[in-house]
Amino acid sequence: MGCGILKPRVVSGHLGSLRAQPKVSLLLTMICLFTFFFYCLSGCDSQMSFGSLRIAQPVAPGRSASVEPSISGAGELPRSEDVKENTLHPAEAQENTLRPGAALLDTLRLGTAQTIPGAKDGTVAWVDSLLSRNRTMDHKLPHSPGAISMHSGIGSKKFPQAIIVGVKKGGTRALLEFLRIHPDVRALGAEPHFFDRCYDKGLEWYRNLMPRTLEGQITMEKTPSYFVTPEAPGRIYNMSKDTKLIVVVRNPVTRAISDYTQTLSKTPSLPTFQALAFKNTSLGTIDTTWSAIRIGIYAKHLENWLQYFPLSKFLFVSGERLVSDPAGEMGRVQDFLGLKRVITDKHFYFNKTKGFPCLKKPEGSGKPRCLGKSKGRPHPNIDKTLLLRLQEFYRPYNMKFYQMTGHNFGWD
């Protein structure tokens, strides 16, 4: 009797489950489809997150795959592998002072809600707020290109339309820092040395180093050793024949002494300036194999560049005028770049201790912005007779440079 009672219950339960299965399958299918369409309609980036799952980005040939930091990590330094990949050479380490903070334009991702401090009701401040804060992290080491999407943030990464190509110890760092206060300039702070040392990494690697720009903004970088690198003009021309080139020049004698002073600060055991500059001090024979002397032969280096670019693509900035009249010289630079003259006298004051102009403190900042301790070092005393011999050595090259550029820099 008990078995008779149990049998129909078992059969009934089995049949009920069979009837319910199509409904459950349909319900699960509808849930999956609804979830899929929800994520598609909500706007997906080139690197889409689905819960904790990430769709991997393509990795450039020869590069190891890397994971891009999440948005919550804005302002973090690159991973250890990327730091090794993009570590600056020791000679430039002192030239490129890191700034704290993180550039929002380099960290925000499309389709990602971000709360910006100061925005009303927790909403996202729009482009004006971003532009006012987008320069704070350009001095950080570049990201690994394999971890960056070309269009995954606001704006896009472009090849530089203008490059400060020279010269070392001419005033290139001052020029770059002055330009970076212009709202239409986005410049890489560190020297990438792509066209002289890292060309084998490829143009896409180079472009990935650049900051993102909005329409109407100019992408820039500066590496002063390009001017004396024989291969650099052809390589830049192959990237873009329309690239604008800025060369900051300075009296080659004082430039050579400044170059020596910088090297001496890092290598105290360095021989004297006289020993390096002259093959024979009594005869006054100049050693042109020493880089500090060779860089100042501007006419020779310019001849190489003019094989690829017309003179109209160059602007020659006076390093002396950048100190004595920074606003006037910056006016010429802004005109050359096709920019509105935003940088004016009101941005500068002269620092008597350092001996060169500094930027006045911006609104809300604690102190003015001056170049680092590596700038404005006192030069060693050098015999005036030797200085006159150096001046005589450079004079014919200077005259030729004046003729080539159509500008007399007044060094003689």
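The values are calculated or read from the model by the stated rules, or taken from the named source; none is laboratory data. Quick caveat: nothing in here was measured; it's all calculated off a predicted structure. Cβ coordinates were reconstructed from backbone atoms using ideal geometry, including for glycine residues, and neighbour counts include every protein chain displayed. Areas reflect the complete protein model, heavy atoms only, side chains present, ligands, DNA and RNA absent. Shrake-Rupley method; radii C 1.70, N 1.55, O 1.52, S 1.80 Å.
Answer yes if at least one residue in segment 245-263 is out of contact with any Phe, Trp or Tyr (no Cβ under 9 Å at 6 or more places or on another chain), at negative phi and part of a loop (DSSP other than H, G, I, E, B), and no otherwise.
The answer is no, given that none of the residues of segment 245-263 is out of contact with any Phe, Trp or Tyr (no Cβ under 9 Å at 6 or more places or on another chain), at negative phi and part of a loop (DSSP other than H, G, I, E, B).
Give the residue, chosen from Glu177, Glu191, Glu221, that is in a helix (DSSP H, G or I), of a type in the set (Asp, Glu) and touching a residue at least 40 places away in the same chain (Cβ under 8 Å). Before the answer, list the steps.
Working: Glu191 fails: in a helix (DSSP H, G or I); Glu221 fails: in a helix (DSSP H, G or I).
Sole residue among the options that is in a helix (DSSP H, G or I), of a type in the set (Asp, Glu) and touching a residue at least 40 places away in the same chain (Cβ under 8 Å): Glu177.
Does Phe159 meet the test of being surrounded by fewer than 23 Cβ atoms within 10 Å (Cβ to Cβ) and touching a residue at least 12 places away in the same chain (Cβ under 8 Å)? Spell out how you get there, then give the answer.
Working: surrounded by fewer than 23 Cβ atoms within 10 Å (Cβ to Cβ): yes; touching a residue at least 12 places away in the same chain (Cβ under 8 Å): yes.
Spelling it out, Phe159 is indeed surrounded by fewer than 23 Cβ atoms within 10 Å (Cβ to Cβ) and touching a residue at least 12 places away in the same chain (Cβ under 8 Å).
Would it be correct to say that Val185 is open to solvent by 10 Å² or more (accessible area, probe 1.4 Å), modelled with pLDDT of 95 or more and among the β-branched types (Val, Ile, Thr)? Before you say what the answer is, go through the steps one by one.
Numbers: open to solvent by 10 Å² or more (accessible area, probe 1.4 Å): no; modelled with pLDDT of 95 or more: yes; among the β-branched types (Val, Ile, Thr): yes.
For Val185, the condition - open to solvent by 10 Å² or more (accessible area, probe 1.4 Å), modelled with pLDDT of 95 or more and among the β-branched types (Val, Ile, Thr) - is not met.
Here are some conditions: (1) crowded, with 16+ Cβ neighbours inside 10 Å; (2) modelled with pLDDT of 95 or more. Asn238 meets all but one. Which one does it not meet?
Tallying (1) crowded, with 16+ Cβ neighbours inside 10 Å; (2) modelled with pLDDT of 95 or more, Asn238 fails exactly one: (1).
Filter segment 188-205 for residues that are surrounded by fewer than 19 Cβ atoms within 10 Å (Cβ to Cβ) and at pLDDT below 95 and give the result.
None - no residue of segment 188-205 is surrounded by fewer than 19 Cβ atoms within 10 Å (Cβ to Cβ) and at pLDDT below 95, so the list stays empty.
Mind checking which pairs have a first residue in segment 284-302 that is more than 12 Å from Ala256 (Cα to Cα) and aliphatic (A, V, I, L, M) and a second that is open to solvent by 50 Å² or more (accessible area, probe 1.4 Å) and part of a helix (DSSP H, G or I), Cβ under 6 Å, 6 or more apart or different chains?
Here the result reads Ala299/Tyr397; Ala299/Lys400, each pair linking segment 284-302 to a residue that is open to solvent by 50 Å² or more (accessible area, probe 1.4 Å) and part of a helix (DSSP H, G or I).
Given the conditions (1) in contact (Cβ under 8 Å) with a residue 60 or more places away in the chain; (2) in a loop (DSSP other than H, G, I, E, B); (3) open to solvent by 10 Å² or more (accessible area, probe 1.4 Å), which single one is not true for Asn208?
For Asn208, the exception is condition (2).
Would you be able to say whether some residue in segment 277-289 is open to solvent by 50 Å² or more (accessible area, probe 1.4 Å) and closer than 30 Å to Lys201 by Cα? Before the answer, list the steps.
If we filter segment 277-289 for residues that are open to solvent by 50 Å² or more (accessible area, probe 1.4 Å), which is where we start, we get 279-283, 285, 288-289.
Subsequent filtering for residues that are closer than 30 Å to Lys201 by Cα retains 289.
Within segment 277-289, one or more residues are open to solvent by 50 Å² or more (accessible area, probe 1.4 Å) and closer than 30 Å to Lys201 by Cα.
Phe227: closer than 23 Å to Asp200 by Cα and assigned to a helix (DSSP H, G or I), yes or no?
Details: closer than 23 Å to Asp200 by Cα: yes; assigned to a helix (DSSP H, G or I): yes.
Considered against the rule, which asks whether it is closer than 23 Å to Asp200 by Cα and assigned to a helix (DSSP H, G or I), Phe227 comes out as yes.
Taking Asp345 as meeting all but one of (1) closer than 24 Å to Arg180 by Cβ; (2) at pLDDT below 85; (3) not β-branched (Val, Ile, Thr), write down the number of the exception.
Looking at each condition in turn, Asp345 falls short on (2).
Could you check Arg332 against (1) assigned to a strand (DSSP E or B); (2) open to solvent by 60 Å² or more (accessible area, probe 1.4 Å) and say which number it fails?
It fails just one condition, (1).
Got a sec? Which of Ala327, Ala299 is farther than 16 Å from Val247 by Cα, open to solvent by less than 30 Å² (accessible area, probe 1.4 Å), among the aliphatic types (A, V, I, L, M) and assigned to a helix (DSSP H, G or I)? Let's see the steps before the verdict.
Numbers: Ala299 fails: farther than 16 Å from Val247 by Cα.
After ruling out the rest, the residue left standing is Ala327.
Which number in (1) at pLDDT 80 or above; (2) out of contact with any Gly (no Cβ under 6 Å at 6 or more places or on another chain); (3) open to solvent by less than 90 Å² (accessible area, probe 1.4 Å); (4) farther than 19 Å from Glu320 by Cβ marks the one condition that Ser365 misses?
Of everything listed in (1) at pLDDT 80 or above; (2) out of contact with any Gly (no Cβ under 6 Å at 6 or more places or on another chain); (3) open to solvent by less than 90 Å² (accessible area, probe 1.4 Å); (4) farther than 19 Å from Glu320 by Cβ, Ser365 misses just condition (1).
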